[in-house]
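The block underneath contains the structure these notes are about, expressed in structure tokens.
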Amino acid sequence: MKTRIISAIVLLPVLIFLVVSGGLWLKIAVGVLSLIGMHEFYQAFSKENKSLHLICYIFAAIYIIFIDQIIHGNNYFNVFVSVFLVVLLIYTVLFHNRTNALEGMTGFFGFFYACFLLSHVYLAREYQYGQMLIWLAFIAAFGCDTGAYFVGITLGKHKLIPSLSPKKTIEGSIGGIVTATALSLLYGIWLRNNFIMEDVDLLLLCGLTGLIGSLLAQIGDLAASAMKRLTGIKDFGKLIPGHGGVLDRFDSVILTAPVVYYVMLFLIQM
């Protein structure tokens, strides 16, 4: 626990700096974390096929480099995904003696799970009002974790999904949702009182993000647990002392960041 707390204290200022700075610094950070996360995923599910993994790393780097095209409304991502998939299919055909379709699908999924979903931290930050609203991704994720933990240890009696996570309870799950939603609404009230955001219903945006984000934060955590149980590993990596790897630390944010981005996309007209 001590190591976990020290790591959090050290990394928190770095996280704040990157998110506040945005732009190139955040893009580089998201790109590096995405590549590390993909590597962790491939090590868990498919250690041997390094050539196929290299293709996925290259396409992930291309995606991050040109990610701003998505913000500008171009059809870049549609073309990118199509080309990426075709290249993987070509590879599995030409080198069928050293790979198979399942490994190709694992490579494709690894990119979407560890890179595409996490990249929404950058997409949300660079969207209109993103400098202030991106924090909802972390409020939803960490607020849910904190609320679920404290409610779970005080009131928890009924197991949520014991086969995946023996310690999680239904009461803790509800506590996490309530805590994250309440914190998000409080943040929305603070924003409304201190900043002018034209044509934005901040309470609706923050409430939706907190509610949906807290639900998906728990799904992200449980999905990561399911993957680790399937592959027989305790953690995806050892990059962050006391926390594990990138996918262990950001398993909730991987799903809350897209919630923030798409709620913003729906409620804010650029």
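In the list ASP221, ASP235, which residue meets the criterion of being acidic (Asp, Glu), in contact with a Gly (Cβ under 9 Å, 6 or more places away or on another chain) and closer than 22 Å to ALA44 by Cβ?
Details: ASP221 fails: in contact with a Gly (Cβ under 9 Å, 6 or more places away or on another chain).
Sole residue among the options that is acidic (Asp, Glu), in contact with a Gly (Cβ under 9 Å, 6 or more places away or on another chain) and closer than 22 Å to ALA44 by Cβ: ASP235.
Which ones in region 172-217 are among the aromatic types (Phe, Trp, Tyr) and more than 23 Å from the chain's Cα centre (by Cα)? Even if it seems obvious, please write down each step before you answer.
Initially, region 172-217 is screened for residues among the aromatic types (Phe, Trp, Tyr), giving 187, 190, 195.
If the condition is that a residue be among the aromatic types (Phe, Trp, Tyr) and more than 23 Å from the chain's Cα centre (by Cα), then TRP190, PHE195 are the ones that fit.
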When region 252-264 is checked residue by residue, the ones that are within 12 Å of LEU123 (Cβ to Cβ) and surrounded by fewer than 24 Cβ atoms within 10 Å (Cβ to Cβ) are PRO258, TYR262, MET264
Out of TYR187, TYR113, TYR149, TYR129, I need the residue that is over 22 Å from GLN43 (Cβ atoms), modelled with pLDDT of 95 or more and hydroxyl-bearing (Ser, Thr, Tyr). Which one? TYR187
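Quick one: would you say ARG249 is without any contact (Cβ under 8 Å) to a residue 60 or more places away in the chain, of a type in the set (D, E, K, R) and either in contact with a His (Cβ under 6 Å, 6 or more places away or on another chain) or crowded, with 18+ Cβ neighbours inside 10 Å (or both)?
On the way: without any contact (Cβ under 8 Å) to a residue 60 or more places away in the chain: yes; of a type in the set (D, E, K, R): yes; either in contact with a His (Cβ under 6 Å, 6 or more places away or on another chain) or crowded, with 18+ Cβ neighbours inside 10 Å (or both): yes.
For ARG249, the condition - without any contact (Cβ under 8 Å) to a residue 60 or more places away in the chain, of a type in the set (D, E, K, R) and either in contact with a His (Cβ under 6 Å, 6 or more places away or on another chain) or crowded, with 18+ Cβ neighbours inside 10 Å (or both) - is met.
Which of the residues that make up region 187-218 are of a type in the set (Asp, Glu) and part of a helix (DSSP H, G or I)? Give the derivation first.
First pass over region 187-218, keeping only residues of a type in the set (Asp, Glu): 198-199, 201.
Across region 187-218, there are no qualifying residues.
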Residues located in region 29-51, provided they are farther than 20 Å from PHE250 by Cβ, out of contact with any Lys or Arg (no Cβ under 9 Å at 6 or more places or on another chain) and in a helix (DSSP H, G or I): LYS50
In region 112-156, which residues are closer than 14 Å to LYS168 by Cβ and acidic (Asp, Glu)? ASP145
Subset of region 19-44 [within 16 Å of LEU117 (Cα to Cα) and of a type in the set (S, T, N, Q)]: SER34
Might you let me know whether region 228-240 holds any residue that is within 23 Å of LEU35 (Cβ to Cβ) and under 11 Å from the mean Cα position of the chain (by Cα)? no
Selection count, region 126-183, where residues are crowded, with 22+ Cβ neighbours inside 10 Å and part of a loop (DSSP other than H, G, I, E, B): 2
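Regarding region 43-50, can at least one residue be identified that is modelled with pLDDT under 85, among the basic types (Lys, Arg) and surrounded by fewer than 13 Cβ atoms within 10 Å (Cβ to Cβ)? Walk me through it before giving the result.
Start the filter on region 43-50 by keeping residues that are modelled with pLDDT under 85, which leaves 46-49.
Next, from what is left, pick out any that are among the basic types (Lys, Arg): 47.
From what is left, the residues that are surrounded by fewer than 13 Cβ atoms within 10 Å (Cβ to Cβ) are 47.
Within region 43-50 (the criterion being modelled with pLDDT under 85, among the basic types (Lys, Arg) and surrounded by fewer than 13 Cβ atoms within 10 Å (Cβ to Cβ)), the answer is yes, since at least one residue qualifies.
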Would you tally the residues in region 54-69 being of a type in the set (Val, Ile, Thr), surrounded by 15 or more Cβ atoms within 10 Å (Cβ to Cβ) and not in a loop (DSSP other than H, G, I, E, B)? 2
If you check every pair at least six apart or on different chains, which have Cβ atoms under 8 Å apart with a residue in region 59-85 that is under 18 Å from TYR122 (Cα atoms) and modelled with pLDDT under 90 first and a residue that is part of a loop (DSSP other than H, G, I, E, B) and not basic (Lys, Arg) second? ILE71/TYR127; TYR76/PHE66
Residue check for THR106: part of a helix (DSSP H, G or I), free of Cβ contacts under 8 Å to residues at least 40 places away in the same chain and of a type in the set (S, T, N, Q): no
Restricting the search to region 219-263, which residues are hydroxyl-bearing (Ser, Thr, Tyr), assigned to a helix (DSSP H, G or I) and under 20 Å from THR209 (Cα atoms)? THR256, TYR261, TYR262
For region 80-97, check the following and say yes or no: at least one residue is within 26 Å of HIS243 (Cβ to Cβ) and of a type outside the set (Gly, Ala, Ser). no
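The values are calculated or read from the model by the stated rules, or taken from the named source; none is laboratory data. Small disclaimer: the values here were computed from a predicted structure and weren't measured. Here the Cβ is made from the backbone with ideal geometry for all residues, glycine too, and neighbour counts use every protein chain on show.
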